[in-house]
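Student: Attaching a single structure in structure tokens format; questions to follow.
The values are calculated or read from the model by the stated rules, or taken from the named source; none is laboratory data. Keep in mind that this is a model prediction, so the values were computed, not measured. FYI the Cβ positions are ideal-geometry reconstructions off the backbone, even for glycines, and counts take in every protein chain you see.
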Amino acid sequence: MVFISYGELYHWYNAQRLAKAPWRDVKSRWESLLEEKGEPYVDPQIAEGPGGIAFFFSRNPRSLSKMAE
């Protein structure tokens, strides 16, 4: 999992708003990271939160409710 703040994204891409190009670059970097780790590409789940976005993937995704049963 990784959390990227909106401030970091705007700074990294020198942008006033985030269009498609920054998201395409983030996707490319995600693909490269998984490749380096020998993992197959899995489109990450994303969750927007206050101040940024969390990206995550799991080999065995499940919910908290299921774990609490």
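Student: Just the residues that are modelled with pLDDT under 90 and within 26 Å of TRP23 (Cβ to Cβ), please, taken from segment 50-62.
Tutor: PHE55, PHE56, PHE57, SER58, ARG59, PRO61
Student: Which residue pairs have Cβ atoms under 7 Å apart, sit 6 or more places apart or on different chains, and have a first residue in segment 13-35 that is closer than 24 Å to ARG59 by Cβ and a second that is among the polar types (S, T, N, Q) and part of a loop (DSSP other than H, G, I, E, B)?
Tutor: none
Student: Next question. Have a look at GLY7, GLY51 and point out the one that is on the phi > 0 side of the Ramachandran plot and of a type in the set (Gly, Ala, Ser).
Tutor: Being on the phi > 0 side of the Ramachandran plot and of a type in the set (Gly, Ala, Ser) holds for just one of GLY7, GLY51, which is GLY51.
Student: Now for a different question. Name the residues in segment 46-69 that are over 18 Å from LEU9 (Cβ atoms) and either of a type outside the set (Gly, Ala, Ser) or surrounded by 10 or more Cβ atoms within 10 Å (Cβ to Cβ) (or both), would you?
Tutor: Result: PHE57, SER58, ARG59, ASN60, PRO61, ARG62, LEU64, LYS66, MET67, GLU69.
Student: Is there any pair with a first residue in segment 55-69 that is closer than 16 Å to LEU34 by Cα and in contact (Cβ under 8 Å) with a residue 40 or more places away in the chain and a second that is of a type outside the set (D, E, K, R) and part of a strand (DSSP E or B) whose Cβ atoms are under 6 Å apart and which are 6 or more apart or on different chains, and what are they?
Tutor: Correct list of pairs: PHE55/VAL2; PHE55/ILE46; PHE56/GLN45.
Student: Follow-up question, since we're still on this one. Just one of (1) surrounded by 13 or more Cβ atoms within 10 Å (Cβ to Cβ); (2) over 15 Å from the mean Cα position of the chain (by Cα) trips up GLU39, so point out which.
Tutor: Result: GLU39 fails condition (1) only.
Student: Can you tell me which residues in segment 17-33 are at pLDDT below 90 and over 12 Å from the mean Cα position of the chain (by Cα)?
Tutor: ARG17, LEU18, listed by residue number.
Student: Among the residues of segment 18-50 satisfying the criterion of being in contact with a helix residue (DSSP H, G or I) (Cβ under 8 Å, 6 or more places away or on another chain) and not β-branched (Val, Ile, Thr), which is farthest from MET1 (Cα to Cα)?
Tutor: LEU18
Student: Looking at (1) without any contact (Cβ under 8 Å) to a residue 40 or more places away in the chain; (2) surrounded by 12 or more Cβ atoms within 10 Å (Cβ to Cβ), which is the only condition LEU9 fails?
Tutor: Among (1) without any contact (Cβ under 8 Å) to a residue 40 or more places away in the chain; (2) surrounded by 12 or more Cβ atoms within 10 Å (Cβ to Cβ), the lone unmet condition for LEU9 is (1).
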